[in-house]
Amino acid sequence: MRNEHLSKLSVLAIVIVCDAVGCGTSTTTIPLGTNLEQQTDRLEHHVSEHRPASFAVAVEQIQSRHNQIHNEIQTKTHPALDHQLSELQDILGWLPEIAGDSDLRQADWNLVKQHSQQLANLYQELHQKVANGIRPEQSSFDKMETLNEGLRKLVPASDRLH
């Protein structure tokens with residue numbers, strides 16, 4: 001009992017110190033009077049604002065961001081491209097987990113994982129080219145569009161009725 005009490009006090013002390021001096025990228029503040037369990041849950045479950053709530057929303061956001069990035073590159077107006085590509089990479093990284101929370105079958109989930117990894121690689125290559133002043137080939141966008149289409153086809157299966 002004494003060790004458990006000391007352990008909880010240690011965690012509380014770390015939380016208070018981290019909250020006061022900032023121990024990471026989170027700017028979460030914890031109201032005084034919140035119990036230790038609530039404080040721990042709140043710190044452990046920080047969710048980025050651009051994280052989609054469902055597989056269907058994620059696929060929609062991937063397509064929307066793809067279209068925006070493609071248009072910006074084609075018109076040579078890409079001041080926010082780094083931010084767009086960074087958030088798109090985040091969504092692609094989360095996609096298998098989001099798909100795992102849906103009603104997709106294992107085979108479909110495997111396809112989501114494969115497509116998201118391939119898209120992440122293609123967008124990373126695109127980012128490097130743009131950063132080096134190289135205009136990406138249309139074939140890269142065509143590959144991305146094919147993979148995006150594969151993801152879109154899986155959306156209805158992600159919300160099956162049980």
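The values are calculated or read from the model by the stated rules, or taken from the named source; none is laboratory data. All values derive from a computational prediction rather than experimental measurement. Every residue, glycine among them, receives a Cβ derived from its backbone with ideal geometry; neighbour counts consider all protein chains shown.
Quick check, is residue 127 under 23 Å from residue 153 (Cβ atoms), in a helix (DSSP H, G or I) and at pLDDT below 90? No. Can we say residue 87 is touching a helix residue (DSSP H, G or I) at 6+ places or on another chain (Cβ under 8 Å), in a helix (DSSP H, G or I), modelled with pLDDT of 95 or more and acidic (Asp, Glu)? Judged against the criteria, residue 87 is not a match.
Against the test of being surrounded by fewer than 15 Cβ atoms within 10 Å (Cβ to Cβ), modelled with pLDDT of 80 or more, out of contact with any His (no Cβ under 7 Å at 6 or more places or on another chain) and of a type in the set (Lys, Arg), the options 2, 65, 105, 51 yield a single qualifying residue, 105.
Of all residues in region 119-139, at least one satisfies being surrounded by 14 or more Cβ atoms within 10 Å (Cβ to Cβ) and under 19 Å from residue 56 (Cα atoms). May I ask you to verify whether residue 142 is touching a residue at least 40 places away in the same chain (Cβ under 8 Å), surrounded by fewer than 16 Cβ atoms within 10 Å (Cβ to Cβ) and more than 14 Å from residue 92 (Cα to Cα)? Spelling it out, it is not the case that residue 142 is touching a residue at least 40 places away in the same chain (Cβ under 8 Å), surrounded by fewer than 16 Cβ atoms within 10 Å (Cβ to Cβ) and more than 14 Å from residue 92 (Cα to Cα).
When you look at residue 143, is it part of a helix (DSSP H, G or I) and farther than 19 Å from residue 86 by Cα, yes or no?
Yes: the conditions hold for residue 143.
When region 88-105 is examined, which residues are found to be touching a Lys or Arg at 6+ places or on another chain (Cβ under 8 Å) and charged (D, E, K, R)? Hits for region 88-105 are 90, 103.
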